[in-house]
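As C-alpha coordinates, the structure follows; a few thoughts come after it.
The values are calculated or read from the model by the stated rules, or taken from the named source; none is laboratory data. All values derive from a computational prediction rather than experimental measurement. So basically every Cβ, Gly included, is an ideal-geometry build from the backbone, and we count neighbours across all protein chains shown. Heads up: the accessible areas ignore ligands, DNA and RNA and are worked out on the full protein's heavy atoms, side chains in. Shrake-Rupley method; radii C 1.70, N 1.55, O 1.52, S 1.80 Å.
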Amino acid sequence: MRLILVRHGQTPANVEGILESTVPGPGLTVLGQQQAEELVEALADEKIDAIFVSSMIRTHLTAAPLVAARGLEPVVRDGLREIAAGDVEGRSDEDSVHQYVHTLLAWCAGDLEVRMPGAETGQEVIARFDEVVAEAESLGVDNVVLVSHGAMIRAWTAARTSNVDLDFVSDHYVVNTGIVVVEGSSGTGWEVESWLGESVSEAAARGVTSDHSPASEPLDD
(Lines give C-alpha, C1' and ligand atoms only; values in the text may rest on other atoms or scores of the structure.)
Protein backbone atom coordinates (compact mmCIF):
# COMPACT_ATOMS: atom_id res chain seq x y z
CA MET A 1 0.00 0.00 0.00
CA ARG A 2 1.10 3.56 -0.66
CA LEU A 3 0.46 6.36 1.82
CA ILE A 4 0.83 9.81 0.29
CA LEU A 5 1.53 12.09 3.24
CA VAL A 6 0.91 15.76 2.46
CA ARG A 7 1.60 18.75 4.66
CA HIS A 8 -1.01 21.53 4.60
CA GLY A 9 -0.50 24.84 2.81
CA GLN A 10 0.95 27.97 4.37
CA THR A 11 -0.91 29.51 7.32
CA PRO A 12 -0.60 32.96 8.96
CA ALA A 13 1.08 31.23 11.93
CA ASN A 14 3.72 29.83 9.57
CA VAL A 15 4.46 33.32 8.30
CA GLU A 16 4.72 34.70 11.83
CA GLY A 17 6.81 31.79 13.13
CA ILE A 18 4.27 30.85 15.81
CA LEU A 19 3.84 27.41 17.36
CA GLU A 20 0.17 26.81 16.50
CA SER A 21 -1.58 23.52 17.26
CA THR A 22 -5.07 24.53 18.38
CA VAL A 23 -8.14 22.87 16.85
CA PRO A 24 -9.56 23.91 14.43
CA GLY A 25 -6.79 26.51 14.14
CA PRO A 26 -6.17 29.07 11.38
CA GLY A 27 -6.90 28.81 7.70
CA LEU A 28 -4.53 29.39 4.81
CA THR A 29 -2.82 32.50 3.48
CA VAL A 30 -3.29 33.56 -0.13
CA LEU A 31 -0.08 31.68 -0.91
CA GLY A 32 -1.39 28.67 0.99
CA GLN A 33 -4.53 28.62 -1.15
CA GLN A 34 -2.37 28.77 -4.25
CA GLN A 35 -0.27 25.87 -2.94
CA ALA A 36 -3.46 23.87 -2.40
CA GLU A 37 -4.50 24.47 -6.00
CA GLU A 38 -1.06 23.42 -7.23
CA LEU A 39 -1.34 20.18 -5.29
CA VAL A 40 -3.87 18.96 -7.86
CA GLU A 41 -1.22 19.10 -10.58
CA ALA A 42 1.51 17.76 -8.29
CA LEU A 43 -0.56 14.62 -7.72
CA ALA A 44 -2.03 14.40 -11.22
CA ASP A 45 -0.18 11.18 -12.03
CA GLU A 46 -1.12 9.49 -8.76
CA LYS A 47 -4.02 7.09 -8.46
CA ILE A 48 -5.90 8.16 -5.32
CA ASP A 49 -8.48 5.91 -3.71
CA ALA A 50 -9.23 7.92 -0.56
CA ILE A 51 -8.31 11.24 1.09
CA PHE A 52 -8.02 11.70 4.84
CA VAL A 53 -7.60 15.09 6.56
CA SER A 54 -6.96 16.11 10.16
CA SER A 55 -9.37 17.92 12.46
CA MET A 56 -7.58 21.20 11.70
CA ILE A 57 -9.12 23.52 9.12
CA ARG A 58 -5.86 24.09 7.27
CA THR A 59 -5.83 20.47 6.09
CA HIS A 60 -9.46 20.71 4.92
CA LEU A 61 -8.68 23.80 2.85
CA THR A 62 -5.51 22.23 1.48
CA ALA A 63 -7.34 19.09 0.39
CA ALA A 64 -10.37 20.92 -1.05
CA PRO A 65 -9.10 21.41 -4.64
CA LEU A 66 -7.86 17.80 -4.77
CA VAL A 67 -11.14 16.54 -3.34
CA ALA A 68 -13.06 18.45 -6.01
CA ALA A 69 -10.80 17.25 -8.79
CA ARG A 70 -11.07 13.59 -7.78
CA GLY A 71 -14.69 13.55 -6.67
CA LEU A 72 -13.86 12.01 -3.32
CA GLU A 73 -15.35 12.72 0.11
CA PRO A 74 -12.60 13.53 2.62
CA VAL A 75 -12.45 11.49 5.81
CA VAL A 76 -11.77 13.66 8.89
CA ARG A 77 -9.67 12.06 11.62
CA ASP A 78 -8.30 13.77 14.73
CA GLY A 79 -5.36 11.36 14.78
CA LEU A 80 -3.76 13.26 11.90
CA ARG A 81 -3.71 16.62 13.70
CA GLU A 82 -0.47 18.37 14.56
CA ILE A 83 1.57 17.56 17.64
CA ALA A 84 0.15 19.74 20.42
CA ALA A 85 2.55 22.44 21.58
CA GLY A 86 1.24 22.25 25.16
CA ASP A 87 2.87 24.78 27.47
CA VAL A 88 4.42 26.72 24.58
CA GLU A 89 1.27 27.03 22.47
CA GLY A 90 1.12 30.34 20.60
CA ARG A 91 4.73 31.28 21.30
CA SER A 92 7.54 32.07 18.90
CA ASP A 93 10.51 32.80 21.18
CA GLU A 94 13.69 30.76 20.83
CA ASP A 95 13.35 28.88 24.14
CA SER A 96 9.79 27.76 23.35
CA VAL A 97 10.70 26.63 19.86
CA HIS A 98 13.70 24.75 21.25
CA GLN A 99 11.48 22.94 23.77
CA TYR A 100 9.06 21.86 21.06
CA VAL A 101 11.74 20.73 18.62
CA HIS A 102 13.86 19.06 21.33
CA THR A 103 10.87 16.94 22.35
CA LEU A 104 10.03 16.08 18.74
CA LEU A 105 13.59 14.96 18.07
CA ALA A 106 13.65 12.88 21.26
CA TRP A 107 10.71 10.95 19.83
CA CYS A 108 12.46 10.64 16.47
CA ALA A 109 15.41 9.11 18.34
CA GLY A 110 13.06 6.46 19.75
CA ASP A 111 12.33 7.90 23.20
CA LEU A 112 8.55 7.89 22.87
CA GLU A 113 7.93 8.04 26.62
CA VAL A 114 9.00 11.70 26.69
CA ARG A 115 6.05 14.04 27.13
CA MET A 116 5.66 17.35 25.36
CA PRO A 117 5.29 19.61 28.43
CA GLY A 118 1.58 20.18 28.93
CA ALA A 119 0.59 17.80 26.12
CA GLU A 120 1.07 14.26 24.76
CA THR A 121 3.84 11.71 24.96
CA GLY A 122 5.45 10.48 21.77
CA GLN A 123 3.78 7.14 22.29
CA GLU A 124 0.35 8.79 22.36
CA VAL A 125 1.11 10.86 19.26
CA ILE A 126 2.35 7.94 17.18
CA ALA A 127 -0.50 5.71 18.37
CA ARG A 128 -3.20 8.11 17.19
CA PHE A 129 -1.58 8.42 13.76
CA ASP A 130 -1.21 4.61 13.64
CA GLU A 131 -4.96 4.26 14.15
CA VAL A 132 -5.66 6.32 11.05
CA VAL A 133 -3.10 4.36 9.04
CA ALA A 134 -4.75 1.11 10.17
CA GLU A 135 -8.15 2.46 9.07
CA ALA A 136 -6.70 3.40 5.67
CA GLU A 137 -5.28 -0.11 5.32
CA SER A 138 -8.64 -1.64 6.21
CA LEU A 139 -10.18 -0.03 3.12
CA GLY A 140 -8.35 -2.59 1.00
CA VAL A 141 -7.21 0.00 -1.55
CA ASP A 142 -3.79 0.83 -2.97
CA ASN A 143 -3.24 4.59 -2.61
CA VAL A 144 -4.43 6.86 0.19
CA VAL A 145 -3.66 10.55 0.73
CA LEU A 146 -3.27 11.68 4.34
CA VAL A 147 -3.22 15.49 4.62
CA SER A 148 -1.48 16.19 7.91
CA HIS A 149 1.21 18.40 9.46
CA GLY A 150 4.96 18.76 9.20
CA ALA A 151 6.09 17.78 12.69
CA MET A 152 3.57 14.93 12.73
CA ILE A 153 4.86 13.56 9.43
CA ARG A 154 8.48 13.75 10.61
CA ALA A 155 7.67 12.05 13.91
CA TRP A 156 5.67 9.21 12.36
CA THR A 157 8.12 8.47 9.56
CA ALA A 158 11.03 8.41 12.01
CA ALA A 159 9.12 6.05 14.29
CA ARG A 160 7.59 3.75 11.70
CA THR A 161 9.70 3.63 8.53
CA SER A 162 12.89 1.65 8.07
CA ASN A 163 14.89 4.19 6.07
CA VAL A 164 14.22 7.50 7.88
CA ASP A 165 15.82 8.20 11.25
CA LEU A 166 16.72 11.00 13.66
CA ASP A 167 19.65 12.20 11.57
CA PHE A 168 17.47 12.52 8.48
CA VAL A 169 14.50 14.29 10.05
CA SER A 170 16.83 16.60 11.97
CA ASP A 171 18.02 17.96 8.63
CA HIS A 172 14.90 17.59 6.51
CA TYR A 173 11.52 19.06 7.31
CA VAL A 174 8.38 19.11 5.18
CA VAL A 175 7.62 22.31 3.28
CA ASN A 176 4.04 23.52 2.88
CA THR A 177 2.20 21.03 0.64
CA GLY A 178 5.36 18.92 0.60
CA ILE A 179 4.72 15.27 -0.26
CA VAL A 180 6.22 12.22 1.44
CA VAL A 181 5.31 8.86 -0.08
CA VAL A 182 5.50 5.76 2.11
CA GLU A 183 5.10 2.16 0.93
CA GLY A 184 4.44 -1.09 2.80
CA SER A 185 2.06 -2.12 5.55
CA SER A 186 1.75 -2.10 9.31
CA GLY A 187 2.35 -5.85 9.25
CA THR A 188 5.48 -5.96 7.10
CA GLY A 189 6.82 -2.48 7.80
CA TRP A 190 6.98 0.86 5.98
CA GLU A 191 9.64 2.52 3.85
CA VAL A 192 9.79 6.06 2.51
CA GLU A 193 9.67 5.91 -1.28
CA SER A 194 10.17 9.64 -1.76
CA TRP A 195 10.67 12.75 0.37
CA LEU A 196 9.64 15.95 -1.41
CA GLY A 197 10.12 14.26 -4.76
CA GLU A 198 13.49 12.66 -4.02
CA SER A 199 14.58 9.29 -2.69
CA VAL A 200 15.82 9.34 0.90
CA SER A 201 19.39 8.81 -0.31
CA GLU A 202 19.11 11.69 -2.78
CA ALA A 203 17.61 13.99 -0.17
CA ALA A 204 20.30 13.03 2.36
CA ALA A 205 23.05 13.70 -0.17
CA ARG A 206 21.58 17.10 -0.99
CA GLY A 207 21.78 18.07 2.65
CA VAL A 208 19.88 20.26 5.07
CA THR A 209 16.46 21.64 4.11
CA SER A 210 15.94 23.63 7.32
CA ASP A 211 18.26 26.09 9.03
CA HIS A 212 16.78 25.22 12.45
CA SER A 213 16.38 28.86 13.35
CA PRO A 214 13.51 29.86 15.66
CA ALA A 215 11.74 31.40 12.71
CA SER A 216 11.93 28.29 10.54
CA GLU A 217 11.21 25.42 12.90
CA PRO A 218 7.60 26.37 13.77
CA LEU A 219 6.78 26.26 10.08
CA ASP A 220 6.31 22.53 10.59
CA ASP A 221 3.08 23.25 12.50
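Solvent-accessible area assigned to carbon and sulfur over the range 1-136 amounts to 51 percent, based on a 1.4 Å probe. In this structure, the amide hydrogen of His172, modeled 1.01 Å from its nitrogen in the peptide plane, lies closer than 5 angstrom to those of Thr209, counting only residues at least 5 positions away or on a different chain.
Shown in residue order for the range 183-191 are the 3J(HN,Hα) couplings computed by the Karplus curve 6.51 cos²θ - 1.76 cosθ + 1.60 at θ = phi - 60°: 10, x, 7, 5, x, 9, x, 10, 9 Hz (x for Gly and Pro).
For Gly27, no residue has an amide H sitting under 5 Å from its own, ignoring neighbours fewer than 5 places away on the same chain, with H placed 1.01 Å from N. Only helical runs count toward this figure. For the chain, summing -39,500 (n - 2.57) over DSSP H runs of n ≥ 4 and dividing by all residues gives -12000 deg cm²/dmol at 222 nm. Between amide H atoms placed 1.01 Å from N, distances below 5 Å from Ala85 occur with Ser21, all of them 5 or more places distant or on a separate chain.
Could you order peptides 25-35, 2-12, 193-203 by the average number of other Cβ atoms within 10 Å of their residues, highest first? Please list the in-between numbers first.
On the way: 25-35: 17.8, 2-12: 24.3, 193-203: 16.1.
Result, highest mean Cβ count within 10 Å first: 2-12, 25-35, 193-203.
Placing R0 at 30 angstrom, the Cβ-Cβ distance between Glu135 and Val15 gives a FRET efficiency of 0.35 after rounding to 0.05. Residues in the range 27-39 carry Karplus couplings, in order, of x, 9, 6, 4, 4, x, 5, 5, 4, 5, 5, 5, 5 Hz; the curve used is 6.51 cos²θ - 1.76 cosθ + 1.60 with θ = phi - 60°, and Gly or Pro positions show x. Stretching Ser55 away from Val23 to a fully extended chain increases their span by 10.8 nm, per 0.36 nm per residue minus the current alpha-carbon distance.
Put a dot 7 Å past the Cα of Val75, heading toward its Cβ, do the same for Asp45, and the two dots end up 2.7 nm apart. Considering only His149, His102, His172, the Gaussian network model of the chain with Cα springs below 10 Å gives its largest mean-square fluctuation to His102. Taking 7 Å steps out from each Cα toward its Cβ at Glu191 and Ala205 produces label points 1.7 nm apart. Peptides 110-123, 157-170 ranked from most to least packed, by the mean per-residue count of other Cβ atoms within 10 Å: 157-170, 110-123.
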